[in-house]
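Colleague: Take a look at the following structure, please.
The values are calculated or read from the model by the stated rules, or taken from the named source; none is laboratory data. No experiment lies behind these values; they were computed from the predicted model shown. Note: ideal-geometry Cβ built from the backbone for every residue, glycine included; neighbour counts use all protein chains shown.
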Amino acid sequence: MAKAPPTAHSEPAQRMEQMIAALRAAGQRVTPQRLAVLRVLAESHDHPTVETIYERVSRDFPTTSLATIYKTLTMLKGLEQVLELGFAHMSSRYDGRKPSPHAHAICVRCGAIADPDIGPMESLAKDMAKRSGYKLTRHQIDFFGLCPQCQKKA
């Protein structure tokens, strides 16, 4: 069974169904704790950290461990249902709403992350591969600056 392709701006309920279908297609159990992680990812616009996901899940499931969150995220990354954004200067953040490669705008002051729609990146990736000779396995394009709220405070 083919996994459901993630869409750019799916509604949370649709993303939940896509992630659940991917888990089932991979033969993974759909536990209440995993559903809670999926819900946080599908509903979050803020690209949460592992700790943030843990805090939100543990409200309803206080016995959930941080290890459960890490394992679930690792599994979802393997199923291409979540995008991990790794940064040298701050904790990794997770995008479950739009798990395919896309550009991010990151605030260097408050850490806010936005998903600006700059168009398809496939052609840029293909051009990069052609020009460099690399066989690209993944890509990530990030822009850093001050978000509108931090600009107002400055």
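Colleague: Of all residues being of a type in the set (Val, Ile, Thr) and surrounded by 17 or more Cβ atoms within 10 Å (Cβ to Cβ) in segment 71-85, which is farthest from residue 98 (Cα to Cα)? Just the residue, please. Can you show your working first?
Modeller: If we filter segment 71-85 for residues that are of a type in the set (Val, Ile, Thr), which is where we start, we get 72, 74, 82.
Next, only the ones that are surrounded by 17 or more Cβ atoms within 10 Å (Cβ to Cβ) stay: 72, 82.
Details: 72: 17, 82: 8 Å.
In this case the residue turns out to be 72.
Colleague: Now a separate question. Within segment 24-53, track down each residue that is buried (at least 19 other Cβ atoms within 10 Å of the Cβ), part of a helix (DSSP H, G or I) and touching a Leu at 6+ places or on another chain (Cβ under 9 Å).
Modeller: Listed by number, the residues that qualify are 34, 37, 38, 41, 53.
Residues checked against (1) touching a helix residue (DSSP H, G or I) at 6+ places or on another chain (Cβ under 9 Å); (2) assigned by TED's automatic domain parsing to the domain that holds residue 136; (3) without any contact (Cβ under 8 Å) to a residue 12 or more places away in the chain:
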| site | (1), (2), (3) |
| --- | --- |
| 56 | yes, no, no |
| 64 | yes, no, no |
| 71 | no, no, yes |
| 74 | no, no, yes |
| 85 | no, no, no |
| 90 | no, no, no |
| 99 | yes, no, no |
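Colleague: Kindly indicate which of 92, 123 is surrounded by fewer than 12 Cβ atoms within 10 Å (Cβ to Cβ) and either closer than 24 Å to residue 72 by Cα or at pLDDT below 90 (or both).
Modeller: On the way: 92 fails: surrounded by fewer than 12 Cβ atoms within 10 Å (Cβ to Cβ).
On inspection, the qualifying residue turns out to be 123.
Colleague: While we're looking at this one, here's another question. I'd like the full set of residues that are acidic (Asp, Glu) and in a loop (DSSP other than H, G, I, E, B), limited to segment 114-154. Steps first, please.
Modeller: Pass one, segment 114-154, residues acidic (Asp, Glu): 115, 117, 122, 127, 142.
Hits for segment 114-154 are 115, 117.
Colleague: Pick from segment 54-70 the residues that are of a type in the set (S, T, N, Q) and in a helix (DSSP H, G or I): which of them is surrounded by the most Cβ atoms within 10 Å (Cβ to Cβ)?
Modeller: Start the filter on segment 54-70 by keeping residues that are of a type in the set (S, T, N, Q), which leaves 58, 63-65, 68.
Those left that are additionally in a helix (DSSP H, G or I): 58, 68.
On the way: 58: 17, 68: 19.
Step by step, filter segment 54-70, then rank; the result is 68.
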